[in-house]
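**Q** Below is the structure I would like to discuss, written out as structure tokens.
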Amino acid sequence: MPAKAPGRPQERSKEQGMANRPRYQVVELIDATGLPRYVTMQRIGELFIDAAWRDRNLVDGNPLMRWLRTLSTPPKTRILLGAGVQLTVRTARALVRFRREEIAKMAASWPDLPDFALWLAANPGGRNRERPVCRVKDGVVEKFVSVREAARAIRSTHDDVEKRIETFHRDSDGWTWWDG
């Protein structure tokens, strides 16, 4: 990078200063037999399983939550990547997608989900393909028929709601977002 010109602020390229900070991990929930039942990402310091276990009796329409309700204790969690070196959200997303595909290929079901998978098939939503979502805070559940409706209700964007669901990070108002 060229040296800073005297008296002028240093300009930063997108790659340098605008990229998202590495703060994610890729995790798996493992059943009693050692089978990876769910693959997702979580922010460093926020355990996905804690949020899922807390909200399991509140969220309907989500295969993960239905499975968690059948258990007497939370399932084992394994950090696949991001324990030593944290991942950016883009990298974590790609690795979650890769791991899910890898599991489906090993189960000989790819491109379909294996029958034991608890993650939902990719559904970006859109016209005639609504993706129901909800948010939970202090035992209160707000349901939305689609990501678009949720974004409209909270005066945000479709991408923002998608990211909230994908990362399970509580938003600034303390809500945790889920499919279903």
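Rule-based calculations on the coordinates, nothing more; no lab input. All of these numbers come straight from a predicted model, not from anything done at the bench. No Cβ is skipped: glycine too gets one built from the backbone with ideal geometry, and neighbour counts run over all protein chains shown.
**Q** Calculated FRET efficiency, T157 and T33, Cβ-Cβ r, R0 30 Å, to nearest 0.05?
**A** Given R0 = 30 Å and the Cβ-Cβ separation, E is 0.15.
**Q** Let me ask something else about it. Provide the FRET efficiency to the nearest 0.05 for the F98-E149 pair, computing r from the beta carbons and using R0 = 25 Å.
**A** For F98 and E149, the calculated efficiency is 0.25.
**Q** Give the aspartates and glutamates whose C-alpha is closer than 13 Å to that of K163, dropping any in the same chain fewer than 8 places away, or say none.
**A** The qualifying aspartates and glutamates are D171, D179.
**Q** So how tilted is helix 89-106 from the main axis of the chain? Cα-based, degrees 0 to 90, rounded to 10.
**A** Roughly 40 degrees, rounded to the nearest 10.
**Q** Pick out, in residue order, every one of the trypsin sites (Lys or Arg not before Pro) in the stretch 142-180 that is DSSP loop and has at most 12 other C-beta atoms within 10 Å; say none if there are none.
**A** The qualifying sites are R155.
**Q** Right, another one. What does the charge count around C134 come to, taking other residues whose C-beta lies under 10 Å from its C-beta (Lys +1, Arg +1, Asp -1, Glu -1)?
**A** Local net charge: -2.
**Q** Continuing with this model, one more query. How would the stretch 41-180 be classified by its alpha-carbon gyration tensor: rounded, prolate or oblate, with rounded meaning a/c under 1.5 and the a/b versus b/c comparison settling the rest? Before the final figure, lay out the partial values.
**A** Details: a/c = 1.32, a/b = 1.23, b/c = 1.07.
Verdict is rounded for the stretch 41-180.
**Q** Same structure again: Under a Cβ-only charge scheme (Lys and Arg +1, Asp and Glu -1), can you give me the dipole magnitude of the chain about the Cα centre, in debye to the nearest 20? Could the numbers behind the result be given before it?
**A** Values: 32 positive and 23 negative charges, 102 e Å.
The calculated dipole for the chain is roughly 480 debye.
**Q** Rounded to the nearest 500 deg cm²/dmol, what is the calculated helix-only ellipticity per residue at 222 nm for the chain, with -39500 (n - 2.57) per DSSP H run of length n ≥ 4?
**A** Numbers: 5 runs with 50 residues, N = 180.
Theoretical 222 nm ellipticity from helices: -8000 deg cm²/dmol.
**Q** Counting Lys +1, Arg +1, Asp -1, Glu -1, what net charge surrounds D31 among other residues with beta carbon under 9 Å of its beta carbon?
**A** Net local charge, D31 excluded: +2.
**Q** Under 12 Å from the 7 Å Cα→Cβ point of V141, by amide nitrogen: which residues of the stretch 43-57?
**A** Label zone hits: 55-57.
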